[in-house]
1. With an 8 Å Cα cut-off and a minimum separation of 6 or more residues, compute the relative contact order for region 4-92 in percent.
2. Below 16 Å, Cα to Cα, which aspartates and glutamates can K71 reach? Residues fewer than 8 away in the same chain don't count.
3. Which order do the peptides 101-108, 184-191, 159-166, 222-229 come out in when sorted by mean C-beta neighbours inside 10 angstrom, highest first?
4. If I fit a long axis through the Cα atoms of helix 307-316 and take the longest principal axis of the Cα atoms of the chain, what angle between them do I get, 0 to 90°, rounded to 10?
5. Hey, can you rank 109-117, 91-99 by average C-beta count inside 10 Å, highest first?
6. Using modelled amide H (1.01 Å from N, peptide plane; none on Pro or chain starts), what sits under 5 Å from the amide H of Q300, excluding residues fewer than 5 places away?
7. Just to be sure I understand the model, the point goes 7 Å from the Cα along the line to the Cβ. What's the resulting R273 to T289 distance in nm?
8. What residues have an amide H closer than 5 Å to that of V189, excluding those fewer than 5 places away on the same chain, when H is modeled at 1.01 Å from N in the peptide plane?
Amino acid sequence: MRSLCLRQPGLFDFQEDPEPPSPGDNEALVAVHAIGICGTDLSAYWGKMPFIQYPRILGHELGVEVLQIGKNVSNVQVGDRCSVEPYVNCGACDPCLNRKPNCCEQLKVLGVHVNGGMTERLVVPAHKLHPSWQLTFAQLALVETLAIGCHAVHRAQISDRDKVLILGAGPIGLATLEFARLTSKDVMVVERSEDRRRFITLHYPDVKVSDLPPAESAFSTVFDATGNAQSMSSSISLAAFGGKIVFVGITTSPVNLDDPLFHRRELTLLASRNALPTDFPYIIKLIETNQVRVEQWISQIERVENAQEIFARITGGSLQAIKVVLMNSF
């Protein structure tokens, strides 16, 4: 079985791996058909992802086909097309027992802490598979990205009266936008990239977009999806009195907090990590019913054999893309 391995920062190569074992109880063997490239993968390619050890098989945004199921599996059948929930949790720690498996104390993410989906086949816990009989493999590969934004919006518990600001319009910011606009009718996005601002204007005509944050602090909910420490620090000044700030992006740099301002406005600061199992079928249903559309997100579809070139072009700036999907042709 062939896999694409990130041998070291900047270097992919193919390797021959043993076939995965037959699925055990509550497991399924799947064939990987589509792999979305996300910021985590690009950070690993750059050598800037602190949670990845090399060599590593990347890939956690996956559209797969069920090949074989083990005993006691009832949620999927052979032949099903599925999105993969790539967060492998222990099921026994306090967060897992309190319905927060995304915060598992032993959490391992496919393609980050353990080898992921840039391979022909792999065995996964069957309950991590979310089937659809309508969506394509490429659409299913985007469900995990959408789930990040979905979970962030659910964390904020916004209402139709909320005035929402989203900082950053990369895939995570766009995912947050998709779900914020389902509730709030007053959404603004701040993004420096002219191409991304143009994308929002074209596909989200009811959403206000700017290259600079507004001067007034009139937003009841602010989502920061930049992963930039300076932006995250400044986001507090953009929230209205009694408002909320949700950090969707993550940074390894310290984030400074203006405490007098934070207290005077009695703000609520939330972190949002990964997504919950219930987010996946919810998103799949929204895509199936055209309430959320992801086709316009896919800037390019490439064969997995072209990964080295594609990663180099994206990180080098010669390929401007919202989302690139690699199709497995092993």
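Every read-out reported here was derived from the displayed coordinates using simple, explicitly stated rules and does not represent laboratory data. Since we're looking at a predicted model, the values are computed, not measured. As a convention, Cβ positions derive from the backbone with ideal geometry for all residues, glycine included, and neighbour counts pool all protein chains shown.
1. 33 percent
2. Within reach: D25, E27.
3. 222-229, 184-191, 159-166, 101-108
4. Taking Cα atoms only, the helix is inclined about 20 degrees.
5. Peptide ranking by packing, descending: 109-117, 91-99.
6. K323, V325
7. In this crude spin-label approximation the distance works out to 3.2 nm.
8. Close amide H contacts, sequence-distant or interchain: I166, K208, V209, S210.
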